[in-house]
Amino acid sequence: MTENYDVAVIGAGVIGTLIARSLSRYNLRVALLEKLHDVAQGTTKANSAIVHAGFDAKPGTFKAKYNVRGAAMMPELCQTLHVPYANNGALVLGFDDDDVPVLESLLERGRRNKVPGLRLIGKEELLAMEPNVNPCAVGALYAPSGGIVSPFDLAIAAAECAVANGVDFYRDFDVARINQHDTHFSIYSAAGKKRTAKLVVNAAGVHADDVAHLVGDDSFHISPRRGEYLLLDNTQAGVVNATIFQCPSDMGKGVLITPTVHHNILIGPSADDIDVKDDLSTTDPGLKGIQTTMRLSVPGYQIKDVITSFSGLRAHSNTGDFVLRPSLIDPRFIHAAGIESPGLSASPAIAAYVVKLFADVWEEELSEKTNWNPGRPKPLRIKELSREERREAIKKRPEYGRIVCRCETVSEGEIIDAIRAPAGARDMDGVKRRTRAGMGRCQAGFCGTKVLEILSRELQLPPQEITKFGAGSQILLGKTK
Amino acid sequence: MAENYELIVVGGGPAGMAAALEAEKDGVTKILLLERAETLGGILEQCIHTGFGLHYFGEELSGPEYADRFIVPTEQSSAIEVKLDTMVLEVTPGENAHQVLAINKTDGLLELNARAVILAMGCRERPRGALNIAGTRPAGVLSAGTAQKYVNMDGYLPGKEVVILGSGDIGLIMARRMTFEGAHVKMVCELMPYSSGLTRNIVQCLDDFDIPLKRSCTVVAIHGTERLEGVTIAKVDKNRRPVPGTEAFVPCDLLLLSVGLIPENELTRGAGIEIDPVTAGACVSQDRETKIPGVFACGNVLHVHDLVDYVTMESQLAGAGAAAYIQDRADKNPDYVGTHGKNGVRYVVPQRVNKHVTENVKLYFRVGQVYKNAVARLRAGETVLTQRKRARLAPGEMEDLTVTPEQLSLLPEGAELTIEVAEGK
């Protein structure tokens, strides 16, 4: 495998993978470098999973422009990549007269940002739409273009597409040193591996400023802002249908309650600026706080059937906006940094813009591949098939008839597909995100041992080497006596 | 075209096998037993410790030995067809026959019909997420049963320095098992002021190995990035809330959770069968018939049992009930009386009893807390039908009281049976 590339994308989150996918359209040698063991391991795996309508961002910013544009691109992109997306609409609740001017200014902002269909609604219409929200609400801002998406599915699908189109994906490539040369960069991992690239795209999430420092660029600073979430079982589906916000604060868009594309209910996030860029711990006050705040939105709802709690880090930039530009130190080093909310919503538009930035700097001929495939094969999901389709699938591969995860009805065949896919699953969490095995109410209590066995067999690794999410997270510590 | 059976049993653990064998004994000849694992026996197969069978067989057996007593006749039976590695996806009740949709590697999709269905899917463990413990999400946090499978079935050790949260029986058994395998079990933390496990397990699994049982204590935080590095434990107050200032860090690489079992009633719910919110299992009659005629439930899917012996006995009732239903011997005009727990009794199973029964009916119940020198009473209104004194009643141990056909036949219209507990005196 060649180790010299035209372009290296650092970071395989939703931004890096979508950029790699967009670059894979051209006759370029592209490397996608990921510090961790899988794609979507940073901010991408733990956020609100919302496609924001775009009324919140300050007009004129990248955030405003690319949110609205990205949200408009999202449905088609998700269809092409077979990623779950739903256009469920969003509501920002106003609880008293003080909130009304806030809603009005959001409406005004939204109109300036060209958010489609935005309008204020009264109490009656609100309660007709969402019978469970606080009857004390005075009204709401309704954004019909708001949606929900599975962010890790999006990154996984984008990576699959990119790799199928010739991008080389390197896991566990923790970029530790970058040497600038006249014609290229030499990029070294912490383990001493080397790749060269003529251009670099920095999509390193909360670590994007650290990566910028490697070429002497200290023009922005990323501080991790932690958000904690609760995920409820799909037994709770229907509590709310739209994404329910409260009026935003300086720290973010506040606590929301929303359905997910997988029919769970998601509540969160808290917002705490923290010091350490990999501190993904949840806290008792954080989890209690989001529950208390949520109750203002849906007061009668008693939270139950919590499946899990988790926290994610927003890559908050001191510039206040996305950092989408070539480095001032070296124009061949392009930043896609500071991608906090609405980064997921904006991601398709960001990827398109970064490719444009790339084309501006790229001095060689840029030609499109004739056989570029913008999609990926549709993942087979036994649970979603009709009886006839199930029969056909099992005939083709009997393993589709062997259900491994009971809670989410996931077959062994689907797990094998996930492992064998381009940029496929290599660990337990990787299988979980790709297939939903272990994502349900028993949280891998039953299927965990079977998934480990399948990984071990497919990857030809002894069971002790199978990890939860990469080096150091082994499940088994040795053999019994 | 759909295949027809007299009886389909969902689940090939102790409950399903006992039910199928009992139905065969009563003359049912076309029975299909569907099991999702590759072997019969259910969770007993990984319970290699002894202590099973004392009540039913009058001897002490290991889990696999106990299971074998049912696997052998099930496999030899000409009336019972077994399909392993087969997952039931849907049970759809019908007028004359119930539909069962199942899936496996060899048959593909199975569309089956049966006069009667017995639900015997067992239960699952409550996971970490349900407890909402703060902290990180490293490898090294497992439910006790998952760890039991790794150790006993697969031959791997999931950790060496172990803290166990929850003193349910699986947690206690795993404390001893991990110790045997050379791991250091540092402590078992129990949120309640008493253990929910059997007394004999506390003695044989903890006391005999000097493993401390910390009551009124819980894990409040989980630490470690890739692999578990330790937990923070804390004392809890009467309301089970952590007491500030009592936190202590305990280094460990494995946290086992034994914090409760939940009946696996996805199929039951999907079939539209009424569920008792306390047991989390179906509401049943003395025959373990659900509210849908011809659909029965037994074993841990109905309510979590402490001993497999009782699972067997209960499942035989379901098997006999299904046989009577299939052979049209069942009472066409039952007159049901409801059963209820009161004053400290959390639930009673069965939830209703036919007044026309001809044999004694055992009413199983659990209490909500520990009672000393207690009396459990079965009442119909003000009348005490039967009572039993116990030196100790604990939530971990299932109790029963018996009601006779005579007592039932004498009950006035609209009467209800209640079981209550009183302490002292």
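Please rank B:His223, A:His207, fewest neighbouring Cβ atoms within 10 Å first, as an exposure proxy.
Fewest to most other Cβ atoms nearby, the residues stand as B:His223, A:His207.
Rounded to the nearest 10 degrees, what's the angle between the helix B:169-180 long axis and the longest principal axis of chain B, both from Cα atoms, 0 to 90?
It works out to around 50 degrees.
With the dipole of the range B:340-420 worked out from charges on the C-beta (+1 for Lys and Arg, -1 for Asp and Glu) around the Cα centre, which of B:Leu417, B:Thr404, B:Phe365 lies farthest toward the positive end?
Farthest towards the positive end: B:Phe365.
Checking the table A:Lys383/B:Lys105; A:Lys123/A:Lys253; A:Lys468/B:Lys149 against a 19 Å threshold on Cα-Cα, which pairs fail?
Among A:Lys383/B:Lys105; A:Lys123/A:Lys253; A:Lys468/B:Lys149, the Cα-Cα distance tops 19 Å for A:Lys123/A:Lys253.
Could you give the radius of gyration (one decimal) and Dmax (whole number) of the Cα atoms in the range B:333-425, in Å?
For the range B:333-425, the Cα-based Rg and Dmax read 12.9, 43 Å.
What are the extents of the Cα atoms of the range B:1-78 along their three principal axes, listed from largest to smallest and rounded to whole Å?
45, 26, 17
Where in the range B:1-65 are there chymotrypsin sites (Phe, Trp or Tyr not before Pro) that are in a DSSP coil and have at most 15 other Cβ atoms within 10 angstrom of their Cβ?
Answer in residue order: B:Phe57.
Assigning unit charges at the beta carbon (Lys, Arg +1; Asp, Glu -1) and nothing else, what dipole magnitude in debye, to the nearest 20, does the protein assembly as shown show about its Cα centre?
Working: 100 positive and 112 negative charges, 160 e Å.
Dipole about the Cα centre, nearest 20: 760 debye.
Going toward the positive end of the dipole of the protein assembly as shown, with +1 on Lys and Arg Cβ and -1 on Asp and Glu Cβ, which of B:Gly341, B:Asn4, A:Asn113 do you reach last?
About the Cα centre, the residue reaching furthest to the positive side is A:Asn113.
Convert each backbone phi in the range B:310-327 into a coupling constant with the Karplus relation 6.51 cos²θ - 1.76 cosθ + 1.60 (shift: θ = phi - 60°), then list the ³J(HN,Hα) values in order as whole Hz, x for Gly and Pro.
6, 4, 4, 4, 5, 5, 5, 4, 5, x, 5, x, 5, 4, 4, 5, 4, 8
Got a sec? How would B:Lys238, B:Lys105, A:Lys369 order by Cβ neighbour count within 10 Å, fewest to most?
B:Lys238, A:Lys369, B:Lys105
List the equivalent ellipsoid semi-axes of the protein assembly as shown in whole Å, largest first, each obtained as the square root of 5λ for an eigenvalue λ of the Cα gyration tensor.
Over the Cα atoms of the protein assembly as shown, the ellipsoid semi-axes are 52, 30, 28 Å.
Which of the residue pairs A:Lys58/A:Lys198; A:Lys304/B:Lys238; A:Lys304/B:Lys332; A:Lys304/A:Lys450; A:Lys378/A:Lys450; A:Lys369/A:Lys396 have a Cα-Cα distance greater than 30 Å in the structure shown?
Check vs 30 Å cut-off fails for A:Lys58/A:Lys198; A:Lys304/B:Lys332; A:Lys369/A:Lys396.
Around A:Glu104, under 15 Å between beta carbons, what's the net of Lys plus Arg minus Asp minus Glu among the other residues?
Result for the neighbourhood of A:Glu104: -2.
Output ³J(HN,Hα) for the range A:268-276: one whole-Hz value per residue in order, computed from phi by the Karplus curve 6.51 cos²θ - 1.76 cosθ + 1.60 with θ = phi - 60°, and x for Gly and Pro.
Values, residue by residue: x, x, 6, 8, 10, 6, 10, 9, 9 Hz.
Run the dipole for the range B:303-425 about the Cα centre, Lys and Arg Cβ at +1, Asp and Glu Cβ at -1, nothing else charged, and hand back the magnitude in debye, nearest 20.
My answer is approximately 460 debye.
For labels at B:Asp210 and A:Met129 in the simple 7 Å Cα→Cβ model, what's the distance in nm?
Here the modelled spin labels are 6.6 nm apart.
What FRET efficiency comes out for B:Arg388 versus B:Thr246 if R0 is 35 angstrom and r is the Cβ-Cβ distance? Round to the nearest 0.05.
Working: r = 39 Å, r/R0 = 1.12.
In this case the efficiency is close to 0.35.
Would you please name the GluC sites (Glu not before Pro) within the range B:356-424 that are DSSP coil residues with at most 15 other C-beta atoms within 10 Å of their C-beta?
B:Glu359, B:Glu382, B:Glu413, B:Glu416
Considering only the other residues whose Cβ falls under 9 Å of the Cβ of B:Asp85, what net charge follows from Lys and Arg at +1 and Asp and Glu at -1?
Details: positive: A:Arg402, B:Arg36, B:Lys83, B:Lys105; negative: B:Glu35, B:Glu38.
Result for the neighbourhood of B:Asp85: +2.
B:Asp400 to B:Glu359: extension gain in nm, 0.36 nm per residue of separation minus the Cα-Cα distance? If you can, show how the numbers build up before the last one.
Details: separation 41, 0.36 × 41 = 14.76 nm, distance 1.56 nm.
Full extension from B:Asp400 to B:Glu359 adds 13.2 nm.
Taking 0.36 nm per intervening residue step and subtracting the Cα-Cα distance, what contour gain separates B:Asn373 from B:Asn239 on full extension? Present the calculation step by step, with values, prior to reporting the outcome.
Values: separation 134, 0.36 × 134 = 48.24 nm, distance 2.43 nm.
Answer, rounded to one decimal: 45.8 nm.
Lone cysteines in chain A, defined as no other cysteine's Cβ under 4.7 Å from theirs: which are they?
Result for chain A is A:Cys78, A:Cys136, A:Cys161, A:Cys247, A:Cys407, A:Cys442, no neighbouring Cys Cβ within the cutoff.
Please name whichever of A:Gly166, A:Ala418, A:Val149 sits farthest to the positive end of the charge dipole of chain A, dipole taken about the Cα centre and charges placed at Cβ: Lys and Arg +1, Asp and Glu -1.
Selected residue: A:Ala418.
How many angstrom lie between the Cα centre of the range A:271-316 and the Cα centre of the range A:155-179?
Here the answer is 31 Å between Cα centres.
Loop-only check: which trypsin sites (Lys or Arg not before Pro) in the range A:102-138 are DSSP coil with at most 15 other Cβ within 10 angstrom?
Details: sites: A:Arg109, A:Arg111, A:Arg112, A:Lys114, A:Arg119, A:Lys123; in loops: A:Lys114.
Here the trypsin sites (Lys or Arg not before Pro) that fit, given the DSSP loop and packing criteria, are A:Lys114.
If one computes the Cα centroid of the range A:442-459 and of the range A:19-48, what distance in Å separates the two points?
26
Measure out, as a whole number of angstrom, how far apart the alpha-carbon centroids of the range A:355-415 and the range B:357-410 sit.
Spelled out, the Cα-based centre of one part sits 58 Å from the other.
According to the Kirkwood expression over distinct Cα-Cα pairs, how big is the hydrodynamic radius of the range B:127-259, in Å?
Working: mean 1/r = 0.0691 Å⁻¹.
Over the range B:127-259, the inverse of the mean reciprocal pair distance is 14.5 Å.
Over 10 Å intervals from 0, what percent of Cα-Cα pairs in chain A sits in each interval?
All Cα pairs considered, the percentages come to 4, 20, 30, 26, 15, 4, 0.
With chain B treated as a Gaussian network of Cα nodes joined by springs under 10 Å, which of B:Gly145, B:Gly182, B:Gly396 yields the largest mean-square fluctuation?
B:Gly182
Which FRET efficiency value, to the nearest 0.05, is calculated for A:Asp279 and B:Glu75 with the Förster distance at 51 angstrom and r the Cβ-Cβ distance? Don't skip to the answer; put the middle values down first.
Values: r = 55 Å, r/R0 = 1.07.
Efficiency, from the Cβ-Cβ distance: 0.40.
Anything over 20 Å Cα to Cα? Flag those among A:Lys65/A:Lys356; B:Lys30/B:Lys83; A:Lys114/A:Lys356, in the order listed.
Among A:Lys65/A:Lys356; B:Lys30/B:Lys83; A:Lys114/A:Lys356, the Cα-Cα distance tops 20 Å for A:Lys114/A:Lys356.
No lab work stands behind these numbers, since they all come straight from the coordinates. Note that the coordinates shown come from a computational prediction; the quantities given were computed from them, not determined experimentally. Cβ coordinates were reconstructed from backbone atoms using ideal geometry, including for glycine residues, and neighbour counts include every protein chain displayed.
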